[in-house]
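What follows is one structure encoded as structure tokens, with my remarks underneath.
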Amino acid sequence: MTETIVTPQAVQFIENDQPSLQSGAYTITVSQTLSHSEIGGSDTRFSSTRTFHVEGDQFSLNPQTVYSVFPAASSRGSYTNVLPSIILKRSTLPWERRAALPAWEKCKASEETSENSHNSGAPWLALLLFHEGEVAQPEVVTVGKLSPPPQPSPTQNKEDPVSLLQIPTELLKKLLPSAADLKLLSHVRKGTHEDGSKIELSVVIGNRLPKPGINTVHLVSLEYFFGLKVESETPKKQEEQKQKVDKDNGTFTGIVSLHSWDFVCEVTNAQDHFRNLLTSLDVGTLKLACKDDKDGTVNLYLNKGYVPLKHHLRNFQTTVSWYHSPLLPGKNQQPFSFQFPVRAADQLLVYDREIGLFDSSYAAAWQLGRLLALQDKSLSINLFNWKRQYLQRKIVNRDTLHSADGNKPSGQPTEIDKNSIQLLFQSQRTNTTSGDMPQSILAWFKNLILLDSIPFNYLVPEPGLLPLESLRFFQVDTTWLACVIDGAFGIGDVLTQEADYRECKQKVLSYNIQNLETVTGFLLRSQAIEHYPSLEIKGMDHQKKVLECLRLERLSNNVMICLFSGVVTSITINQKPEALHFGFKADAQHRFVTLREPTTGDFLANATYRKYELEDSHWLDTSLGVLNMVQLSQGMQQAVNSKNPFTGLELAVELLEGTCIVQFALENC
């Protein structure tokens, strides 16, 4: 069962984060005049001048600086009412340089000075959106071939590559934000990381709406505008540029592209793409179903999470056996009891005489553990050395290892002690060690029990278990985990007695917990993971208590796994505050904004004035979908009856798309 809840998320907006010093060259002159009245000497003046440079990103941007983009790169969705945006990890980045005036704006100025050659105070970064076919791919040139040449910098190499975007000048005039618009299109957002630490991000918003088809967004530098005639490597390329100008019968302006991505805008009736993606999920548990099962024998196994797989026997024959992953569709009602240590995987094969098939699940788990451990050479060596050292110490101190009542270790194998699994879950949270065991060994087994090392085809052995656009809940089978752990721990065995083996293994797993912890979770396969990379997920039990998340990880572009400590009965999925985007709502006639109180972010109490529709005056070019952000912000300021002019902070609050929380509740869990 799914339920959608729309609630505001706690996030703080700030108008800007001006750096103490912008990028550029600075000169400091210090002078001092000395005089002494008694000796009647003339004044002596001392001075010293020093020049230093503040350098930041200029012609390229480290990809790691980008926190996220919206719409997501290479995604498809209903984005016709969404303004593209990019979130940067450095909060001061948009204000570290100044935007320059383009040539056609300079011509309007009465005189050219260093003051009016720049858009005073305007950020140097802007987002330009291009519809399919409007511009070509950026050309990679070197800094030394830019024309006119940029201001020299001591850290800038003339051979550094630059991604230069050649834009028809007439088109650029219609798309380029004004200085006033640029100030409204950037702001700072404060939030919180997963670990609780504070985070400050800068946000740049575009001023143009997408159209159906392929749309490309460029984060561009407005510090310099270059002419078309950039020196090309070959005469052929120079001729191609000349032909391009002749064909378009106009001129081009070059702008440095720092980052770019594309997405596909589709025309749908979806009011909320995020909500629709999640509410349309196929929700269930991790199991298959057979419609043609007349006597119910097949479904008896399928309902427990089993799938039939080809099984290659040791005698080179092939048969079909049942297999289930560690992810069960529910609690294991009839767990098998095995005696450890196991010396071969065949000891864990379970034969069903009624249907004549093997259950190979635990044998496969044990064999997988052994293969994973052997594959990791570092673990193999460290585990072998530690076992040998432990046995040597045990032989030397044999008497001190006996219990106080004189009991000695028994050589008889015992049933599986599942408390070891409990310890691994607890130790991964507390990061404690067991005895003198190396941290590398403990870390390896922690990852194993969190399924981090398990190949995906062992988790989902049949594609039908996790179809497209599906959510599958599961409970972790601790018997399966015990088998894979025993297989891994058994490599390089130097322990001759089973009691020594168990005691040594207990040092790794610290068998001292009475109650075995239940671990549940889900697998999600959906476009939502790719379209919305920053998801926030919470799991609750039947008492609505928030469960501890042991693992939350994207396994691929559209698959995610999540493990909780305890029995999860409901989960909520929403976008993190840092990943919120901006745009408009739409009905049959108009695009509109649902107005908020600028200071609190709450929607206006009076529903009559809450809906603010876009008018002709809000567009710079209706056919191109370019907005006049100044007119829009002034109109919304009057609509909310604010006395203070809107800045980028207030505009972001008004255009912010509300957070949608989708809740999935499990019944009969």
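May I ask for the net charge around LEU624, where only other residues with Cβ less than 10 Å from the Cβ of LEU624 are counted and Lys, Arg are +1 while Asp, Glu are -1? Result for the local shell: +1. Sorting the segments 450-458, 483-491, 299-307, 348-356 by their residues' average number of neighbouring beta-carbon atoms within 10 angstrom, most packed first, yields 483-491, 299-307, 450-458, 348-356.
Taking 25 Å as the limit for the C-alpha separation, the pairs LYS198/LYS576; LYS89/LYS183; LYS304/LYS576; LYS89/LYS576 exceed it in the case of LYS304/LYS576. Among the listed pairs LYS545/LYS585; LYS291/LYS446; LYS287/LYS585; LYS190/LYS538, those with a Cα-Cα distance over 31 Å are LYS545/LYS585; LYS291/LYS446; LYS287/LYS585. Here the 3J(HN,Hα) profile of region 517-522, calculated from phi with Karplus coefficients 6.51, -1.76 and 1.60 at θ = phi - 60°, is 7, 8, 10, 10, x, 8 Hz, Gly and Pro shown as x.
Remark: spin-label model distance GLN137-ASN81 equals 3.6 nm, labels positioned 7 Å along the Cα→Cβ axis.
A Förster distance of 35 Å, applied to the separation of the beta-carbon atoms of THR622 and GLU15, puts the FRET efficiency at 0.75.
Between GLU266 and SER47, take the C-beta separation as r, use R0 = 41 Å, and let me know the FRET efficiency to the nearest 0.05. Plugging the Cβ-Cβ distance into 1/(1 + (r/R0)^6) gives 0.05.
Normalising the average separation of contacting C-alpha pairs (under 8 angstrom, six or more residues apart) by the number of residues puts the relative contact order of region 522-657 at 20 percent. Protection proxy ranking, highest mean first, for peptides 172-185, 366-379: 172-185, 366-379, where packing is the per-residue count of other beta-carbon atoms within 10 Å, averaged. Summarising the label geometry, the points placed 7 Å from Cα in the beta-carbon direction at THR33 and LEU468 lie 8.2 nm from one another. The modelled label-to-label distance for the pair THR155/SER556, using points 7 Å beyond Cα in the direction of Cβ, is 4.1 nm.
Every number here is computed from the coordinates shown, using simple stated rules; none is lab data. As the structure is a computational prediction, the values presented were derived from the model and not from experiment. Cβ sites come from the backbone with ideal geometry, for glycine too, and all protein chains shown count toward neighbours.
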